[in-house]
Each structure stands twice: as structure tokens, then as C-alpha cells.
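Derivation of every value follows stated rules applied to the coordinates shown; laboratory data play no part. These figures come from a predicted structure and were not determined experimentally. Because the Cβ atoms are built from the backbone with ideal geometry, glycine has one as well, and the counts that use them run over all protein chains shown.
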Ligand SMILES: Nc1ncnc2c1ncn2[C@@H]1O[C@H](COP(=O)(O)OP(=O)(O)OP(=O)(O)O)[C@@H](O)[C@H]1O
Ligand SMILES: [Mg+2]
């Protein structure tokens, strides 16, 4: 600005136009501030406050009770299990289609279907699995009447850790397929050929070249799927009611009726969720940036 | 050998997805003992609460879409045109709703906008509806913004804007007559996705106590046997319809582009 | 027996025959260029040597050993790709070490060899860089080092320079040639740039529609093109249509001007049309120019190109262009002027198709 002072004086209006540019982004900024940032900050701040507003770490400390810790632990376990399985199965399907020599036309329908299935979460998804693996579900009945296998007697229950994990997989696998397919497409034919002509076997190519290249996308998607499962409320509630004590269900009950007997413990519970999904997503963004740099 | 494994993986994956869909369809048809019938659908469709909540959710979805478009299109346009330095930050912010679980956001709403606060939105029904709509707009923000921003990237907005200005058009005209038609396909796909998200959303509506379709489904699921399966089939068809429309629209756009 | 032999090599993709009866013997340590227009099958031949494509017919041997049924990783071949194809997850040193590592060489040997290779391409200081941190020219040099590190019997390069800009292209091709001579490695280099092929090869194979049109030393290819295609593709030769007047005396006429050739006309009969080639730098219109043959024509255009002046004149139905070195005293011909071009009859070549 000051370097211009030797030149002809700028039109008087010019300095006043600058804030106007920023005004264009104001509605968006106000909206985001009011309905995204401030509500979240309210939770974060509340997690460190006593009911009368002074600073405390008691709420956070309050999380470290057996019941709350075990709720976090089950939530984390379900999220990890469904993310891991989702990644592995999704990867197998995607690589079967991209690299396995299957007919080309399968690809389009698969991606379209994945787009639909990854959005088919929430209450209806729970119903679909109840109707399939529930006590009188399609598979349960079929196995019992036709093959004499009683899933219940084997200890399987849809309202359990594995039941929830299998249900979550319905949106986890398609999400993995959607994200990893472009990454598999990014594996250049020349890399495989360069490895081969340098004497590498197929296994060596996968171990030393393809897998390390895919690893960031793979781990990144794992983190995303983890956060995805960790924050899922509707499916869990519709499937299990409140019989399974996982963090989102606990928080839901707490917001409804202060089941923990301390409103500020609810803040801490929610704050814990933000921390967990925040960490998972930071990993995702970081790894993703890394793989994009390579694949440039 | 490779093909064998490839087919194996694909078929396993397909079974996993087809069986639940089959299960729910099968279940939804079994309300009448011994025979397949559409009774469950008839009961659901005839339920006045179904009609009320479904209508409510559709209206909410439409309101969310209108609000989302009015918020996102001018912002994305303005940022690309005048504030390109701001783009990474805006992009980061629009991704936040994927990081912060919806239940946390709505928890914040309840504490921030309760009857004793400076903006007592939850004090009245209209206020709560508006708050819920804002919540939905927040949930849809990542999809809407990304979609519109990608659409804007493919057109030369600077030139279009200058051309329109030289013909004497004002900002409203430019946005409504020039920019919007050019990113219509992007806006539409964002809109369909928003629709699919809002129509079955449970957490926010339940915690704000609004009579939406998601909580209705959950309630029905807790009390009935066959009707929930019928609802699941209808939801799946709805989701499928919305995302199918996105495909259709974007294919239409590709056709139009290659034709010019 | 030659080191690398290709015998009646053929390749079809479906109904389309892309390589037809390709024969070639390459001596140990030779630098051979495949030169030809896009789509003529250069890459396909190279990929058959490497083992990425299975020939539809014919045989490939390296050092007397048939390559049939050998997979690419069982052949002892190094290859450099047009798009570098460096492994993006490895730094320069790891890329160069890859071939030795998969072969299970001891670590000390790998380190020594990597060091030697990086010295060869003069990139010792970049050993820790990743591919995305390097320029195209640097990446391609690393790709060369990676291909050479396992001491392959044959080095294949598929248009390794065409993704680079003009300056680097020239310096890198000289570097490649110098390294090739230093190591004495048998090399096949694919290009569609004739200057590239002429400047660095021992021999050139000019390919046309899946066949080798001519195989020869660069000077032969340039001075004595065997076919009209080679003449057209290599250099800027004039192709002149002439009518045979007296086959026994080698007399032909261009326009209505009679010329006696040095070369025999073969079995052409009087009245036949033959194609003659004349290099643009072969003659001169200067008054003191010497030569036993002259053609007179009208100047159509005259362009100043810096070191030379290129003039095009019309003789009969043919346009003949010729270059004269620029010198301060030279007056460029003007359009419409009638000039006489003098040259030796031996410069007129008969092209057999
Ligand atoms: N896998 C394939 N399937 C079908 N046709 C192919 C295949 N690979 C190459 N071709 C065809 O074979 C012909 C020769 O291709 P090739 O790549 O060998 O040409 P080239 O001489 O290397 O050309 P360029 O200079 O453009 O690289 C082309 O017409 C090409 O379309
Ligand atoms: Mg080629």
C-alpha cells in the first residue's frame, strides 16, 4: 500500500472497497459460526466448566468411570472392527473389479450401487438387518429350518457387538469401494512393468511397490470409516434400543434425560467423541495429502 | 486363478448386500400369515402419522435444499471470484460436519438456543423447525459445497461475470441468470443427496422433538414387526431414486458437454 | 551369431497385424534406433523383446538363448519408459537399488552399485530425493540408472526423451550415448525424432507400418534412402519425378531438361516415371558453383533461416528446394527470378519403392 504513495493518488473510493469483498462471504461465515462452530465450542467449553461456570477438570475425570470407559471401549472396538473389515472386504471387491480381469461393465453399476448403499444408513438399515439376521430373520430361519443351525444357540445375537459390526459393514464396505477405486486406478501399468523387467515377481511388486503406494489411502480410509462408525447413532438405537451401551447411545440418553445425573458430564462425553473422531480424521487428512503427493 | 479369486470376492460382496435387501423385502411381505401380501405397506401408508411425518420431512428437505442453495452458490461463487485465498479455509470448514458427529452438534444447539438464551429458537415450534432446518443444512454442507464448487471450477466465472457486467447486469441477475444455470447439474446432485440425507435423518429430529420421518420409523420399529421392513424397503427405494437421479443428471450433463 | 536377433517377428491384435515379418540382428554393444511415425509398431516390437507382449509368430534370441516362454522378470533386460515410471514411494537410491534388492544381492554390493550408478548419471547429491521432488530430466536419468543397475544384457528405451523439453532432450541424449559407450551395453532406442536417431545411433531401423523399410548407418539412411518412405521421413530430401528417356544411357528428363544419371536405372523402360532424390545442400546457384549437371527453374519462394537461405524453385511439375550457406556477399534470389542450380550427377539418387 505505502509503496504506491509516490504514484498518482488512488481514487478515493478504492480503500473502502476492500471490506465489501469480505462482506460477500459474511452470510456463510455467520451461518457456520452460529450453527457449527459455536455449538461445538459450547460443548468443548462446557466440558471444562462447573455448573456455575468456573473452570474444572472434574467432568473429564468423570469420564474415567468403569461404565463410561467401557462404553467408549465398546464403541471404539465396534468402530475398529467394522472399519478394518470394511476396508479389507471393500478392498478385495474393488481390486477384483479393477485388477482382477473382470468384465469392464461391472464397474459402473458397482460404483453406482456403492453410492446408494453408503448412504443407506440409519433406521431403515437396522430394519433390514433385523429382518435378515434377527430372531425371525431370513437367514436365521433358513439356517434353522433347512440346515439345523441355530444361530442363537451358537451365541449370535444381532443386538450385540458382532451384530452391530455386521450391520455397519453395509455402509462401510461401499464407502471403502468408493474411495479406494480411484486409488487402484492410480496404480500405473508402467510401475508393474518396470518392477517386472527389473526382475520382481508379482508378490514382490505388490509388497514393495503397489502396497506401499496404496497404504496411505488404505490407512486414511480406515480412519474415515472409523469416525463414520463411531458417530453413527440412528442405526445403533434402532437396532439395539438401549440394550448395548455405546457412547452415542449413552449420549443420546443423557441429552434426553440426564441419565448420568450431571449435565456437564454430558458435555465431557460429547467432547470425548469430538476428540476421537477428530484424531481419526486428522490422520485421514494427513495420510490422504501424502498419497496425493505421490500420485501427482 | 486370478479371475477365480476376483469372481469369488465380487460374489461374496454381492451376497452380503443382496441378502439384507432380500431379507427386508421378504419380511415386509409376510404380514398376513402363510401368504405374501402387501398388507404391511397398506398399513404403513394408511397410518396418519406416516403421512404427517413423511410430509413434514419432505417439506424440511425442500426447505433445506432452498436454503442450502441460497447459502452455498453465492458463497462459492464469490470466494472463487474475489477471495480465492479463502478457499482452503472454507473447504476445511465445510468438511467439519463429517468430523463432528451430528449428535454433538445438536447437543450444542439445545444448550445454545434454549428458552433462556439470547436466541431462544427452541422456545417456539417455528423456531425449532428453523433450527432443525439449519442443522440439516449443516449436515448437507460438505456434499452441497463440494458439488457446487466442482461445478464452478469447470466454467470460467471471471469471464462470464465480466461479460454480464459489461451488459449492465447486477449481482442478483448474474447469480440467478448466469451462474446458477451453468452449475445447475452440480446444484441438482447436491440437492438430491441432501434430500436423501434429510428424509431419513433421526438424531437431530429426535433430540429436537420434531415429528419427522426418522423418529417415526424408529418408534414403529420398537413396537411393530412387519411395518418397519416395509418402511425400510420404501426408504431404500427412495435413496436409490435420489442417487439414481444424480447419475442420470450428471450423465445428461456429460452428453450435453460432448455435444457442444 | 549376433547378440540379439529378431527373426520374422509378428504381432497381431485381433484382426489387425501391427508387426509384420520383422527381421533384425544386433551385435553386442551396438546402439540401434527404431525410427518411424506414430503407430508403426516400434513400441510393440520393444515390448515383445521385453516379454510384455507375446509374439504371434517368429523368434527372439539374446546371446543365443531363445526368449520364448521367459516371463519379463526372467529375462535379463533393462527398460526405460517414456513416462519415467519411477516408483513414487521410494527415493532415488531405493529406486536404483530395486532390481538388485529383488534379486537378493547382499547389502554391501547393492550400496556400492547404487553409488556407482548415481555417479554415472551425476546425481549423487540427490540420492535422498523422491521422484515428485525432481525435474523430468533428472527423473529420466534415475530411470536409466535403475535400468542399468542389475547389469542387464540389453537396454531398451521407449521414447525416453519425448516428455522433456528441447534443450534437455539434446543434452540427455548425448549423456545416454556416452554412458552406453562407456558400458558397452547393447541398446535399442525407440524414437520418432529423426535428428535424435541420426545423432546417437550406430545403426537405424526405419520402420513403416510394422515392417523395417531400411536398416543402415545414419549416414547411409540419410544419404541413400532405399524407399520413398525413408526419403520422406528422414531429412528434407527433394523428391523429383523424372521421365526415362534412354535407360541404357541412364538419361532421364525433368520437366523438359535432360539429365544423365550416374546410377543405373535398373529395368526401367523408356517413358516410365522414376523418383529421384536430391539433398537440399547438394547444389548451389552461385555463379562460380561447380558441377556437371544443371537445372533451371523459376524461384517460388526464398526464406532466410539464419545460417542458411532456403530457396524453392519450380522445374517442370516438381518443386526443388535447396539451401545455400548465408554469407555477407550473398544476394538471396527473388521470387519470380530464373536461376540455375548446379550439382554433380552423383547427387541424384534413384528411389526404388
Ligand atoms: N494392446 C493393444 N491392443 C490393440 N492394439 C494395439 C495394442 N497396442 C498397440 N496397438 C496398436 O498397434 C499399433 C502400433 O502401436 P505401437 O504402440 O507399437 O506404435 P508406436 O510405433 O510405438 O507409436 P508411437 O510413436 O505413437 O509410440 C497402433 O496402431 C496401436 O493402436
Ligand atoms: Mg510407442
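So the values come out like this:
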quantity: Acute angle (nearest 10 degrees) that the helix C:107-120 long axis makes with the longest principal axis of chain C, alpha-carbon atoms; calculated: 20 degrees
quantity: Taking chain B and dividing mean pair separation by its residue count, relative contact order in percent (alpha carbons under 8 Å, at least six apart); calculated: 29 percent
quantity: Whole-Å semi-axes of the ellipsoid equivalent to the range A:32-292 (Cα gyration tensor, √5λ, descending); calculated: 38, 27, 15
quantity: Virtual paramagnetic centre 7 Å along Cα→Cβ of residue C:178, amide N under 12 Å, in the range C:120-138; calculated: C:120-122
quantity: Per-residue average of Cβ from other chains inside 10 Å of A:29-37; calculated: 6
quantity: Length added when fully stretched, residue C:7-residue C:109, from 0.36 nm per residue minus Cα-Cα; calculated: 33.0 nm
quantity: Debye equation applied to the C-alpha atoms of the protein assembly as shown, log10 I(q)/I(0) at 0.04, 0.05, 0.10 Å⁻¹; calculated: -0.31, -0.47, -1.17
quantity: Along each principal axis, Cα extent of the range C:237-353, largest first, Å; calculated: 47, 25, 23
quantity: Calculated diffusion of the range C:152-265, Stokes-Einstein form, Kirkwood radius summed over Cα pairs, 4 °C and 1.567 mPa s, µm²/s; calculated: 78 µm²/s
quantity: Cα centroid separation - the range C:277-309 against the range A:56-118, whole Å; calculated: 77 Å
quantity: Peptide A:203-213, shielding by other chains (average Cβ, 10 Å cutoff); calculated: 3
quantity: Shape of chain C, Cα gyration tensor, a/c cut at 1.5; calculated: prolate
quantity: Pairwise centroid distance, computed over Cα atoms, of the range C:203-274 with the range B:85-113, Å; calculated: 77 Å
quantity: Percent of beta bridges antiparallel (DSSP, the protein assembly as shown, rounded to nearest 5); calculated: 75 percent
quantity: Most to least packed among B:126-132, B:116-122 [average Cβ atoms within 10 Å]; calculated: B:126-132, B:116-122
quantity: Chain lengthening between residue C:129 and residue C:253 when straightened (0.36 nm per residue, less Cα-Cα); calculated: 38.1 nm
quantity: For the range C:47-105 and the range B:1-53, distance of Cα centres in Å; calculated: 52 Å
quantity: Chain B: most fluctuating residue of B:235, B:57, B:154 per GNM, C-alpha cutoff 10 Å; calculated: B:154
quantity: At R0 = 30 Å, FRET efficiency that the Cβ-Cβ distance of residue A:20 and residue B:184 yields, to 0.05; calculated: 0.60
quantity: Separation in nanometres of the label points that stand 7 Å from Cα toward Cβ, at residue C:56 and residue C:326; calculated: 5.1 nm
quantity: C-alpha long axis of helix B:227-259 to longest principal axis of chain B, angle in °; calculated: 30 degrees
quantity: Mean separation of Cα contacts under 8 Å, 6 or more apart, over the residue count of chain C: relative contact order %; calculated: 16 percent
quantity: In degrees, nearest ten, helix C:92-102 long axis to first principal axis of chain C (Cα); calculated: 70 degrees
quantity: Inter-probe distance in nm under a simple model that places probes 7 Å from Cα toward Cβ, at residue A:65 and residue C:74; calculated: 7.0 nm
quantity: Computed Rg/Rh of the range B:47-253, alpha carbon atoms with Kirkwood Rh; calculated: 1.02
